[in-house]
Each structure stands twice: as structure tokens, then as C-alpha cells.
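The values are calculated or read from the model by the stated rules, or taken from the named source; none is laboratory data. Quick caveat, the model's predicted, so the values are computed rather than measured. Heads up, the Cβs are rebuilt from the backbone with ideal geometry, glycines too, and the neighbour counts pull from every protein chain shown. Just the protein is used for accessible areas: all its heavy atoms, side chains included, with ligands, DNA and RNA removed. Shrake-Rupley method; radii C 1.70, N 1.55, O 1.52, S 1.80 Å.
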Amino acid sequence: ESGQKPNAASGGLIRELMHPNNSGSIHGVRFSADGTKLIAGGYPGGVVVVWDVASGKQLVKIETGQGYRGSAEYFFVSPDWQTVFVSQYTRKLERIEVDGTPMTRWEYDGEVRAWDLATGKLSRTYKHSPPRGIIWMQLSPDGTMFVTVEQLSGVAQREIKASATHWDVKTGRQLSFGAKLQPYGVFSHDSRMFAQTTSDDVGYTRTLKVFDVPAGKEKWSVAVKEQCAWVNFAGFSPDGRLVAVNHRVFDKPMQWDGEQSRFKLLDAATGREIADLAGEKNATFTSARFAPNGRTLVALNWHTPMQARAVDHTRKLYFFRLADKQPPQTLILGAVTKGQWFVCRDPAFRPDSKWLAVITQLIPDAGAENPDPLNIPPARVHLIDVASGAIRETLTCPPGFATCACFSPDGRTLATS
């Protein structure tokens, strides 16, 4: 319909693995530790599939249940590739009045399900008593525990109560992490620390917290002084000494079109600020990744839909060299004008830390809810030399909306969805 001639995919394309969910999108693509298998999950269809890399044969299909969750990265694989964990929840609401005040009665149910990755059969469930609606989960890197954020049944005028729970995978033992903890916390690479934030009733961040996971206790807590701030932990360094934080402060309460963002490094042992790495006006930092060798931290900038429609802007990739105190190196991935979206997906490091893959795609903002992928420019995969911060090659993807990329353990193969 656009009159554009379809672009051929770049050479070196080995094969396409077709997911049985033909509606929605594919997320969570990753290789097994030996590089022989590949896994991906359809969203919101909830079907997780494992393929044999050499033959492209589908090995296992697991129907985990359809539905929207706290994140499209909704399934988690144990390090030994024997178990897949998926959370799910349901909710019912009823409008009522209490002493003349409009209220809502919320009823939640949910659980975490564990599936045998070899057989595709359900092997275990983890559930609160009384039930809670699990809106988010995160499996520890060593696979021995996971953290959930859940909503509690009850009557409320505006916001329902939320809490967080730590679970022992083997025993199912639960340990409460407290109330008002926000989703999207992060584990340290050795699984001994977990970082999460708390919020007030409106949703602004109030404190940063790091927990000592083996002890089941809070390690430190730092208050957020600004009243209109969203703060989130971006990730721990591989050695566990540093934690990256994105600090967003909005100009006015409950308005999101004006903000100042700072990207910072904290001491993971104490919460002390070590470095203020960079700032953005009316934009924020996202998709932060530490290189496997711990020497480089990268992050993308991002504009909210309201900000993106209001001004022309560029999408940038920041390189923070952690061994020095120099300003970050930036790589402009694309310039966007009104009427277009410039999508950047999470960066993916090659295991040796020498290369980085970033997917970009230009999508016309034509107002169509479900545009035909044949009528938009194909996604591009930029292969970037980490040492120089320069693009060395750009691959053209087959038609479709690209979602993620992942290197094989030996670094010789790149999978994209």
C-alpha cells in the first residue's frame, strides 16, 4: 500500500523459527548455556517454545496461560534449563459505597507456576494464603529464589494495597519484604542482594532499598528528597560493587511533560552516591546494561509519547567508561521528527564484551492501531564496537516489528525476534 519495495534481509540469515502464537509479539529470546537450544515466549498469548538451534525443530511448547502481565518479559528459566517460572493473576472489582463514600472492593487471585522444561508439564505452584494477585516477579540469577510484587484483596477508594514477597524455590518458604514496594526490582549477579524502591499513595518514589537476601533483612535505605520523583534501579555491576539508578524529577505534580533526569552510580554496600553520570532534560534513561566484563555501562535515552510528539529529538546510546571520570560518549542512533516513532530495543552485549547489538526501527505515526508490517521500514540491527563506540555493520531484518536480540554463548550467532 505504501508503494515501497520490500527490503531483502541481510546475508547471513540462517533460518526463521515460527512461533505458534501468530498474534501478539515474541519476547524473552535467549540461548541455553551450551548454545544448542533457543527459547522465546509469545505475549500476551503466554506460549513458551524451545527450539533446537542446529535443526530449527520445535522441542517443547508450554501453554502458560494467556493474559497481560506486569511485563512482556514474563517467563524465567532456571540456570540448569530444567524449569520455567511464570506468574499469573486474576482480579474482580465491585463498586460500593461506605458511609456515602464511593469505594471499590477488589478481589485478587494469583500464583507462580513452575513448568518442567523437558516435558512441558506443570511441576509445581507457589501461592499465597489468602490469595494475592501477583503482578510482577523476578527470578534470582542462581535460580534458588524469586521475588514477587502482589496486590491484596480489600476495599479502597483509590489504590489497593501492595506488598512484596521473597520465595525459596526449593521449599516454597515465604518472607515478606514489606508494603508499598514498587515492581521492577533487580538482583545482584551473585543473588545475594536485591534492590527495590518504595512509593507513596500517589506513586512517587519515596525510598531506595537494598536487601541482604540470605539474611532476609534490609541492608540499607536512602530517602528520596524530591516530592515528584520516579526513581528506579537499573542494575548491579557484575562484581556487585555498584548499582545504577535512574532519577527522574518532574516539574509539576501529576504532570509528565516536563522533567529532569539524572543517571547515577551508587555504592551497593552503603547506598552512597559515587558518580552523577549524565543528565537529560525532558527525556529519561532506559535499557541500562553493564558489559559482562564490568568495564562499560550503556544506556539509551527515551522520550514519553507526549514529549516525543511535541518536539523533534534524537535517540542516543550512552557509553559510560567506569574506569575514568570522563563525560559519557554518545552515539546518535536516529533523529525523529513529528509524525514518526523511532523505536530502540534493549542493547545486547556479546559475552566477550567486545560487541553490542541494538535494534532500531522507524515507524510512521499514522494513527493505525495495528499497521501492516509490510508497510513500514524494516528493523535494523546495529553491531557496535564497544571500545570505539562506533557502528561497524548494520543488518536488515525480515519484515516485522522487532522486539529483542540475544547473542549465543560463543558470540557467533545473533537471534532476533
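Among the residues of the range 375-397, what is the count of those that are closer than 21 Å to ILE14 by Cα and surrounded by fewer than 15 Cβ atoms within 10 Å (Cβ to Cβ)?
Residues in the range 375-397 being closer than 21 Å to ILE14 by Cα and surrounded by fewer than 15 Cβ atoms within 10 Å (Cβ to Cβ): 3 in total.
Considering the range 106-138 alone, what residues qualify as being touching a Ser or Thr at 6+ places or on another chain (Cβ under 6 Å) and among the charged types (D, E, K, R)?
GLU107, ASP109, GLU111, ARG113, ASP116
Tell me which residues, restricted to the range 48-64, are over 20 Å from the mean Cα position of the chain (by Cα) and either in a loop (DSSP other than H, G, I, E, B) or farther than 23 Å from CYS404 by Cβ (or both). Reasoning before the result, please.
Residues of the range 48-64 over 20 Å from the mean Cα position of the chain (by Cα): 50-63.
Passing the criteria: VAL53, ALA54, SER55, GLY56, LYS57.
Name the single residue that is most open to solvent (accessible area, probe 1.4 Å) among those in the range 347-374 being in contact with a Lys or Arg (Cβ under 9 Å, 6 or more places away or on another chain) and assigned to a loop (DSSP other than H, G, I, E, B).
Filtering first and then ranking leaves ASP365.
How many residues are open to solvent by less than 30 Å² (accessible area, probe 1.4 Å), in contact with a Ser or Thr (Cβ under 9 Å, 6 or more places away or on another chain) and over 12 Å from TRP115 (Cβ atoms) when one looks only at the range 28-43? Even if it seems obvious, please write down each step before you answer.
Our first condition is that a residue be open to solvent by less than 30 Å² (accessible area, probe 1.4 Å); within the range 28-43, this holds for 28-29, 31-32, 35, 38-42.
Then drop every residue that is not in contact with a Ser or Thr (Cβ under 9 Å, 6 or more places away or on another chain), which leaves 28-29, 31, 35, 38-42.
With over 12 Å from TRP115 (Cβ atoms) added as a condition, the list becomes 28-29, 31, 35, 38, 40, 42.
Within the range 28-43, residues that are open to solvent by less than 30 Å² (accessible area, probe 1.4 Å), in contact with a Ser or Thr (Cβ under 9 Å, 6 or more places away or on another chain) and over 12 Å from TRP115 (Cβ atoms) number 7.
Out of the residues in the range 385-417 that are in a loop (DSSP other than H, G, I, E, B) and among the aliphatic types (A, V, I, L, M), state the one that is nearest to the chain's Cα centre (by Cα).
Within the range 385-417, the subset in a loop (DSSP other than H, G, I, E, B) is 386-389, 397-404, 408-413, 417.
This time we only want the ones that are among the aliphatic types (A, V, I, L, M), so: 386-387, 402.
On the way: VAL386: 22, ALA387: 25, ALA402: 15 Å.
Step by step, filter the range 385-417, then rank; the result is ALA402.
Need the failing condition index for THR90 against (1) open to solvent by 70 Å² or more (accessible area, probe 1.4 Å); (2) in contact (Cβ under 8 Å) with a residue 40 or more places away in the chain; (3) over 29 Å from HIS166 (Cα atoms), just the number.
(3)
Can you confirm whether the range 157-164 contains a residue that is modelled with pLDDT of 90 or more and hydrophobic (A, V, I, L, M, F, W, C)?
Just the residues of the range 157-164 that are modelled with pLDDT of 90 or more, to begin with: none.
No; the residues of the range 157-164 include none that is modelled with pLDDT of 90 or more and hydrophobic (A, V, I, L, M, F, W, C).
Output the residues belonging to the range 52-82 that are among the acidic types (Asp, Glu) and either open to solvent by less than 80 Å² (accessible area, probe 1.4 Å) or over 15 Å from SER123 (Cα atoms) (or both). Please lay out each step first, then the result.
So the first thing to find is which residues in the range 52-82 are among the acidic types (Asp, Glu), and the list is 52, 63, 73, 80.
Hits for the range 52-82 are ASP52, GLU73, ASP80.
What do you reckon, is GLY100 small (Gly, Ala, Ser), surrounded by fewer than 14 Cβ atoms within 10 Å (Cβ to Cβ) and at pLDDT below 95? Give the steps one after another, and end with the answer.
Values: small (Gly, Ala, Ser): yes; surrounded by fewer than 14 Cβ atoms within 10 Å (Cβ to Cβ): yes; at pLDDT below 95: yes.
Against the criterion (small (Gly, Ala, Ser), surrounded by fewer than 14 Cβ atoms within 10 Å (Cβ to Cβ) and at pLDDT below 95), GLY100 qualifies.
Please list, ordered by first then second residue, the pairs with beta carbon atoms under 6 Å, 6 or more apart or interchain, first in the range 74-85 and under 12 Å from PHE31 (Cα atoms), second of a type in the set (Val, Ile, Thr) and modelled with pLDDT of 95 or more.
VAL77/VAL84
Kindly indicate whether GLY400 is under 21 Å from GLU73 (Cβ atoms), in contact (Cβ under 8 Å) with a residue 24 or more places away in the chain and open to solvent by less than 30 Å² (accessible area, probe 1.4 Å). Let's see the steps before the verdict.
On the way: under 21 Å from GLU73 (Cβ atoms): yes; in contact (Cβ under 8 Å) with a residue 24 or more places away in the chain: yes; open to solvent by less than 30 Å² (accessible area, probe 1.4 Å): yes.
Yes: the conditions hold for GLY400.
Which of the residues that make up the range 203-220 are part of a strand (DSSP E or B) and more than 20 Å from PRO238 (Cβ to Cβ)? Talk me through it step by step, then tell me what you get.
Pass one, the range 203-220, residues part of a strand (DSSP E or B): 205-212, 217-220.
If the condition is that a residue be part of a strand (DSSP E or B) and more than 20 Å from PRO238 (Cβ to Cβ), then THR205, ARG206, THR207, LEU208, LYS209, LYS217, GLU218, TRP220 are the ones that fit.
Six or more apart or on different chains, Cβ atoms under 7 Å: show the pairs whose first residue is in the range 205-223 and under 17 Å from ALA244 (Cβ atoms) and whose second is open to solvent by 60 Å² or more (accessible area, probe 1.4 Å).
Listed by first residue and then by second, the contacts come to THR205/TRP230; LYS209/GLU218; VAL210/LYS219; TRP220/THR270.
Of everything in the range 145-202 that's open to solvent by less than 30 Å² (accessible area, probe 1.4 Å) and in a loop (DSSP other than H, G, I, E, B), which residue is nearest to GLU73 (Cα to Cα)?
Only one residue tops the list, namely GLY185.
Please go through the range 188-244 and give me each residue that is among the small types (Gly, Ala, Ser) and at pLDDT 90 or above, ordered by number. So that I can check it myself, show each step before the final result.
We begin by selecting, within the range 188-244, every residue among the small types (Gly, Ala, Ser); these are 188, 191, 195, 199, 203, 215-216, 221, 223, 229, 234-235, 237, 240, 244.
Answer for the range 188-244, where residues must be among the small types (Gly, Ala, Ser) and at pLDDT 90 or above: SER188, SER191, ALA195, SER221, ALA223, ALA229, ALA234, GLY235, SER237, GLY240, ALA244.
Taking the range 18-29 as the search range and keeping residues that are more than 18 Å from LYS57 (Cβ to Cβ) and part of a strand (DSSP E or B), which one is farthest from the chain's Cα centre (by Cα)?
By that ranking, first place goes to SER25.
Exactly one condition in (1) touching a Lys or Arg at 6+ places or on another chain (Cβ under 8 Å); (2) of a type outside the set (A, V, I, L, M); (3) more than 30 Å from ALA387 (Cβ to Cβ) is false for TYR204; which is it?
With (1) touching a Lys or Arg at 6+ places or on another chain (Cβ under 8 Å); (2) of a type outside the set (A, V, I, L, M); (3) more than 30 Å from ALA387 (Cβ to Cβ) applied to TYR204, the lone miss is (1).
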